[in-house]
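Enquirer: Here it is, the structure in full.
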């Protein structure tokens with residue numbers, strides 16, 4: 001078939017298309033759609049390949065964050081709609097209304113993919129910020145989520161206005177009449193946003209903080225702070241989601257101050273049996289004076305009491321008029337000296353042993369000090385070692401720990417038998433213990449630290 005014949009056939013085809021305008025318009029639109037898809041694929045390949053190559057440079061590594069969040073992928077998706085939007089003017093025999101309708105649809109897709117690209121860009125900026133040192137103290141995830149929400153709301157309004165060929169201001173004016181409904185629907189969002197701003201501006205909460213909020217079952221580390229919720233991973237590995245606004249309307253405990261101080265508090269009491277509290281005898285005073293941790297205290301206290309008693313004159317001969325040392329007071333001084341010489345007790349923080357109000361459980365002696373570490377396992381070990389030693393040394397002062405009688409103790413008491421070693425002797429069968437006069441070899445030989 002020669003060229004002249006081909007030209008004749010082409011002219012015949014054009015003549016047929018002129019007789020059927022809708023067929024001509026359909027073929028033109030099909031060709032435009034194919035060209036848009038091809039150019040879209042080409043733009044995506046070129047853009048992604050170029051950004052991948054540039055991202056290998058050290059100074060432009062932030063481009064990898066944009067690529068991983070599909071920012072360039074969304075931008076490339078705008079190409080087909082842009083090609084259709086501007087290529088409609090080349091399509092023949094199509095009415096103005098048809099061009100307007102197709103142009104509005106193409107523009108709506110362009111706005112949609114542009115909105116998705118901006119949302120992906122915000123996600124990429126969040127990833128970039130997460131690698132900075134400021135991310136440890138300031139979380140911007142809530143602000144990013146709020147910005148994306150506003151972006152999507154306005155994008156939806158603009159897309160709808162484009163599709164119905166109306167001004168977006170017309171739809172925005174209608175939102176004013178629906179403000180009450182909007183406030184009701186987004187009440188939690190607004191409360192959470194205000195709470196997020198206050199928490200961040202006042203530095204009340206950070207990712208990684210250990211917080212405790214018993215009313216919601218939270219006791220663990222903060223792993224994520226978002227616009228609506230704060231996620232806390234408890235120490236049993238469960239996750240608790242707390243509405244952000246509740247952290248402002250209700251109280252919670254943040255242990256960040258303890259972790260930053262370098263010391264963790266020990267606050268626990270020893271309940272001393274009241275029946276064992278008494279004055280020290282002269283022999284016991286002499287024996288306890290040989291204890292290294294009590295030597296200074298005993299000499300100072302004995303001199304103080306001797307001077308006071310001598311100042312009272314003859315009335316000091318009566319026992320009730322004399323001041324004497326007690327076993328519980330001496331033990332309290334020993335426990336304080338023990339803490340002061342303990343290598344793992346923080347000496348720059350409060351350290352004391354105080355006697356609390358007596359109760360039906362005995363006389364509480366509260367140990368109040370701080371360890372030199374905030375690591376949980378080490379803290380529990382140090383606390384256990386301290387109380388193990390103090391519990392073991394109580395008999396050296398003629399003291400015992402209060403313990404309620406068990407069923408076995410009751411049965412032995414009713415049967416008139418002595419309790420087994422370690423059991424509790426009932427007051428009805430308990431014998432009065434004679435003053436201990438043997439040297440306190442264990443106190444002088446043990447290393448208090």
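The values are calculated or read from the model by the stated rules, or taken from the named source; none is laboratory data. Quick caveat: nothing in here was measured; it's all calculated off a predicted structure. As a convention, Cβ positions derive from the backbone with ideal geometry for all residues, glycine included, and neighbour counts pool all protein chains shown.
Enquirer: Please count how many residues of region 145-186 are more than 27 Å from residue 230 (Cβ to Cβ), modelled with pLDDT under 75, under 37 Å from the mean Cα position of the chain (by Cα) and surrounded by 11 or more Cβ atoms within 10 Å (Cβ to Cβ).
Expert: 0
Matching residues to (1) in a loop (DSSP other than H, G, I, E, B); (2) modelled with pLDDT of 85 or more; (3) touching a strand residue (DSSP E or B) at 6+ places or on another chain (Cβ under 7 Å); (4) more than 28 Å from residue 196 (Cα to Cα):
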{"position": "65", "(1), (2), (3), (4)": "no, no, no, no"}
{"position": "86", "(1), (2), (3), (4)": "no, no, no, yes"}
{"position": "89", "(1), (2), (3), (4)": "no, no, no, yes"}
{"position": "98", "(1), (2), (3), (4)": "no, no, no, yes"}
{"position": "123", "(1), (2), (3), (4)": "no, yes, no, no"}
{"position": "126", "(1), (2), (3), (4)": "no, yes, no, no"}
{"position": "143", "(1), (2), (3), (4)": "no, no, no, no"}
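Enquirer: Here's another thing I want to ask about it. Residue check, residue 113 against (1) surrounded by 15 or more Cβ atoms within 10 Å (Cβ to Cβ); (2) not assigned by TED's automatic domain parsing to the domain that holds residue 97, all met but one. Which one?
Expert: (2)
Enquirer: Are any of the residues in region 302-314 on the phi > 0 side of the Ramachandran plot and more than 33 Å from the chain's Cα centre (by Cα)? Quick ask: steps written out before the conclusion?
Expert: In the first step, residues of region 302-314 are kept if they are on the phi > 0 side of the Ramachandran plot; the result is 313.
This time we only want the ones that are more than 33 Å from the chain's Cα centre (by Cα), so: 313.
Checked region 302-314: at least one residue is on the phi > 0 side of the Ramachandran plot and more than 33 Å from the chain's Cα centre (by Cα).
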